[in-house]
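The structure under discussion appears below in the form of structure tokens.
The values are calculated or read from the model by the stated rules, or taken from the named source; none is laboratory data. This one's a predicted model, so the numbers in the text were calculated from it and none came from an experiment. Ideal geometry is used to build each Cβ from the backbone, glycine not excepted, and the neighbour counts take in all protein chains shown. Just so you know, the surface numbers come from the protein's heavy atoms only, side chains and all, with ligands and any DNA or RNA stripped out. Shrake-Rupley method; radii C 1.70, N 1.55, O 1.52, S 1.80 Å.
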Amino acid sequence: MKEPRDIVIVTGIPGVGKTTVITTAIDFVKKEHDTEVLVLNFGTAMFETASEKGYVKDRDEMRKMPIIKQREVQQAAGEAIAEKAKTSKVIVDTHALIQTNNGFLIGLPEWVARAINPKTVVLVEADPEKIAGRRSSDETRTRDVQMAEAIDTHQKMCRSAAVSVGTLTGATVRIIKNREGKVEEAAKQLAESLME
Ligand code: ATP
Ligand code: AMP
Ligand code: MG
């Protein structure tokens, strides 16, 4: 067995609040433990390549690209992230499954999971109705409108995908609920996983 790296992968469906919870958690870790955390956003790494190649103009267009292009930029981002994540205490902000025009794309295929070799995979979850509300009130992004039932299915599928990463790498899988108006509560749990 390869010792896991000091990396927590944070996953969850679009609009659940991953980036918000991560930002709050790293502030908390800095204040309470005087520890810096490096946050690597997988979507940002993909967008750098995808926009350079002229595939997209906006990060929310990437999940609509042909799958072959999504895999191509996913591979470039996976390699860059695995390389950058060599310093201590890292969070990777990403998705376990991406809803594309042709079904779910695996966000952490075997070679990405093994290259990152995290100690924990966190699934940020919330009530499907609340996620629908967060998506519609977030004007900073171009978010997909989905019925609560489809959101619920996506969240359930993400649990299976996160467990697969655990099976491949030995990482633990932790569900963190991001309740409405309770970002700090979720962030404290993420901070615990980071400091473990
Ligand atoms: P993506 O995968 O698309 O990057 P995300 O999971 O990172 O999405 P955020 O961008 O962090 O989601 O949050 C989406 C919206 O939900 C934002 O407007 C944010 O302010 C809001 N939000 C996050 N957490 C909560 C919460 N606990 N209660 C209410 N609103 C929240
Ligand atoms: P985010 O800001 O986290 O929503 O990321 C922007 C976009 O990047 C997502 O909508 C996906 O299209 C893409 N993305 C993020 N992580 C992955 C991943 N692990 N594999 C494939 N695509 C990803
Ligand atoms: Mg985000």
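In table form, for the structure just shown:
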item	result
Mean accessible surface per residue for the chain, computed with a 1.4 Å probe while every protein chain stays in place, in Å²	52 Å²
Residue with peak Gaussian network fluctuation, the chain [Cα springs, cutoff 10 Å], from Leu97, Leu40, Leu168	Leu168
Length gained when the stretch Glu180-Glu36 is fully extended (0.36 nm per residue, less Cα-Cα span)	49.1 nm
For segment 26-32, 3J(HN,Hα) per residue [Karplus equation, 6.51 cos²θ - 1.76 cosθ + 1.60, θ = phi - 60°, Hz, x = Gly/Pro]	6, 5, 5, 5, 5, 5, 7
Translational D in µm²/s for the chain (Stokes-Einstein at 37 °C, 0.692 mPa s, Kirkwood Rh from C-alpha pairs)	194 µm²/s
Local net charge near Leu194, Cβ-Cβ under 10 Å (Lys/Arg +1, Asp/Glu -1)	-1
Charged-residue dipole, Cβ positions (Lys, Arg, Asp, Glu), segment 5-48 about Cα centre, Debye nearest 20	140 debye
Relative contact order for the chain, counting Cα pairs under 8 Å that sit 6 or more residues apart, in percent	34 percent
Nearest-20 debye value, the chain charge dipole, Cβ charges on Lys, Arg, Asp, Glu	300 debye
Residue pairs, from the table Lys156/Lys188; Lys64/Lys156; Lys53/Lys182, whose Cα atoms sit over 32 Å apart	Lys53/Lys182
Net charge dipole size for segment 97-186 [Lys, Arg +1 and Asp, Glu -1 on Cβ; Debye, nearest 20]	300 debye
Cβ-based net charge around Ile91, under 11 Å, with every Lys or Arg adding one and every Asp or Glu removing one	0
Stretch gain in nm, segment Thr172-Glu48, where the contour uses 0.36 nm per residue and the Cα spacing is subtracted	41.6 nm
Set of aspartates and glutamates near Lys18 by C-alpha distance (under 16 Å), chain-local residues within fewer than 8 positions excluded	Asp27, Asp60, Asp93, Glu125, Asp127, Asp138, Glu180, Glu184, Glu185, Glu192
Long-range amide H partners of Thr100 with built H, under 5 Å	Leu105
